[in-house]
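Presented below is the structure to which this report refers.
The values are calculated or read from the model by the stated rules, or taken from the named source; none is laboratory data. These figures come from a predicted structure and were not determined experimentally. Because the Cβ atoms are built from the backbone with ideal geometry, glycine has one as well, and the counts that use them run over all protein chains shown. Note: accessible area is taken over every heavy atom of the protein model, side chains too, but ligands, DNA and RNA are not part of it. Shrake-Rupley method; radii C 1.70, N 1.55, O 1.52, S 1.80 Å.
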Amino acid sequence: QVDFEDVIAEPVGTYSFDGVWKTSYTTFTVSKYWCYRLLSAILGIPLAVIWGFLFALISFCHIWAVVPCIKSYLIEIQCVSRIYSLCIHTFCDPFFEALSKICSNIRVALRKEI
């Protein structure tokens, strides 16, 4: 929404004649109204077709390509994650448990030297 006062604003203390202001307001409002109607009559239908085609294309790609690819990836990665988890628990857990038992008896003492 663009109103006349947003575009043409006279500062306080500076005013034109009332007739000029009213004529300017009417001219602005009528020209904005008819310009919009003319542009929408000329470009409305072609742009509606273009936007409809674009959103249909996006919807088609999303429904038939993007979502199936994501679902397929999630199914495949679930199998891989189970194998990865099994390998980590089989090989890494015993190593880190042994390492933690070795390091559990380490004591650190801090002394302040003068």
At 7 Å along Cα-to-Cβ for each site, give me the label-to-label distance between residue 82 and residue 20 in nm.
8.4 nm
List the lysines whose Cα sits under 23 Å from the Cα of residue 22, skipping any in the same chain fewer than 8 residues away.
32
If you stretched the chain out fully between residue 34 and residue 96, how much longer would it get, using 0.36 nm times the residue separation minus the C-alpha to C-alpha distance?
14.5 nm
Principal axis dimensions, region 4-105 - Cα atoms, whole angstrom, descending
95, 45, 8
Summarise the accessible area of the chain (1.4 Å probe, protein heavy atoms) by the percent that is carbon and sulfur.
71 percent
Run the helix sum for the chain: -39,500 (n - 2.57) per DSSP H stretch of 4+ residues, divided by residue count, reported at 222 nm to the nearest 500 deg cm²/dmol.
-24000 deg cm²/dmol
Computed over region 4-105, protein heavy atoms only, probe 1.4 angstrom, the accessible area per residue in square angstrom equals 89 Å²
